[in-house]
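Please read the structure below before turning to the comments.
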Amino acid sequence: MDNPLFARFLDRYGRRTERWGNGPLRAELVAGLRGRVLEIGPGTGLNFPHYPAEVTLLTGAEPEPYLRERAGAAAREAAVPVELVEAEAGDLPQEDGVFDAVVVAGVLCSVPDQARALAEIHRVLRPGGELRFYEHVRSRSVSFARWQALAAPGWARMMGGCRPDRDTLGAIRSAGFEVGRVRGLVYPHWAGVSVVAPRVHGTAVRV
């Protein structure tokens with residue numbers, strides 16, 4: 001899946017968000033993970049430095065060539081072993097139940113078919129395995145959610161298919177996960193009018 005213009009924008013923008021406080025949120029996202037972990041859509045690999053040493057193998061499924069190349073550079077600096085594969089969330093090449101955890105960050109908003117992607121995540125996780133997520137979502141404010149819905153078609157065209165109006169938490173539950181720790185937040189805290197400011201950060205277990 002080639003999207004070279006958006007990939008280069010994401011590379012530059014992603015590095016900027018680290019200066020806005022995204023780093024601690026990434027570190028919290030992957031804290032305590034161990035064993036075999038799959039990160040779907042790692043982009044340029046901004047999460048890689050935060051994975052704990054107990055991760056025995058981190059597989060990054062990244063379909064975009066430029067981002068996969070940039071992730072390769074980050075993988076060489078990571079403290080855990082990383083393998084990168086060309087794969088999309090809705091069509092993962094791995095066998096059933098092979099991962100202890102799956103990580104998604106800014107991914108479930110932009111996959112073409114959210115239910116299919118979550119079904120694949122559920123399939124490759126072992127029973128009791130964890131889904132860690134950090135995603136922008138539809139606001140709980142009715143008026144703001146209307147603004148997101150109005151902006152969504154144009155935003156998706158500009159931003160690589162990202163839909164800011166998805167009920168991602170509901171979709172995770174519907175896919176057969178038991179949601180555990182989760183919190184809503186606005187990120188960045190000063191960008192409250194942004195359609196992608198409402199976010200959820202948390203964990204779910206494959207049941």
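One line per residue, one yes/no per condition, for (1) hydroxyl-bearing (S, T, Y); (2) over 19 Å from the mean Cα position of the chain (by Cα):
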| position | (1), (2) |
| --- | --- |
| W155 | no, no |
| G161 | no, no |
| D165 | no, no |
| S174 | yes, no |
| R183 | no, no |
| H189 | no, yes |
| V196 | no, no |
| V205 | no, no |
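Residue by residue through region 147-169, note down the ones that are without any contact (Cβ under 8 Å) to a residue 60 or more places away in the chain, open to solvent by less than 40 Å² (accessible area, probe 1.4 Å) and closer than 17 Å to Y134 by Cβ. C162, P164, L169 - these are the residues of region 147-169 that are without any contact (Cβ under 8 Å) to a residue 60 or more places away in the chain, open to solvent by less than 40 Å² (accessible area, probe 1.4 Å) and closer than 17 Å to Y134 by Cβ.
For region 186-201, name all the residues that are under 19 Å from V142 (Cα atoms) and either in a strand (DSSP E or B) or among the hydrophobic types (A, V, I, L, M, F, W, C) (or both). Explain how you work it out, then say what you get.
Keep residues of region 186-201 that are under 19 Å from V142 (Cα atoms), which gives 186-187, 191-200.
Once the filter is applied, which keeps residues that are under 19 Å from V142 (Cα atoms) and either in a strand (DSSP E or B) or among the hydrophobic types (A, V, I, L, M, F, W, C) (or both), region 186-201 yields V186, A191, V193, V195, V196, A197, P198, R199, V200.
One residue stands out among those in region 46-70 that are of a type in the set (D, E) and crowded, with 17+ Cβ neighbours inside 10 Å: the one that is nearest to E95 (Cα to Cα), which is E62.
Per-residue answers, yes or no, for (1) free of Cβ contacts under 8 Å to residues at least 40 places away in the same chain; (2) closer than 22 Å to G23 by Cβ; (3) open to solvent by less than 10 Å² (accessible area, probe 1.4 Å):
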residue: G72; (1), (2), (3): yes, yes, no
residue: A78; (1), (2), (3): yes, yes, no
residue: D96; (1), (2), (3): yes, no, no
residue: F99; (1), (2), (3): no, no, yes
residue: P112; (1), (2), (3): no, no, no
residue: E120; (1), (2), (3): yes, no, no
residue: L125; (1), (2), (3): no, no, yes
residue: G129; (1), (2), (3): no, no, yes
residue: V137; (1), (2), (3): no, yes, no
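For G41, the conditions (1) open to solvent by less than 20 Å² (accessible area, probe 1.4 Å); (2) touching a residue at least 60 places away in the same chain (Cβ under 8 Å); (3) within 21 Å of N22 (Cα to Cα) are fulfilled apart from (1). Of all positions in region 192-200, none carries a residue that is closer than 24 Å to L57 by Cβ, of a type in the set (S, T, N, Q) and surrounded by 13 or more Cβ atoms within 10 Å (Cβ to Cβ). Screening E178 against (1) touching a residue at least 24 places away in the same chain (Cβ under 8 Å); (2) open to solvent by less than 50 Å² (accessible area, probe 1.4 Å) leaves a single unmet condition, (2).
Only residues that are charged (D, E, K, R) and at pLDDT below 95 were counted in region 112-156, giving 1.
The values are calculated or read from the model by the stated rules, or taken from the named source; none is laboratory data. Computed from a prediction, not measured in an experiment: that's the story for all the values here. Here Cβ is always computed from backbone atoms with ideal geometry, including for glycine, and neighbour counts include all displayed protein chains. Keep in mind that these areas ignore ligands, DNA and RNA; they rest on the heavy atoms of the full protein, side chains included. Shrake-Rupley method; radii C 1.70, N 1.55, O 1.52, S 1.80 Å.
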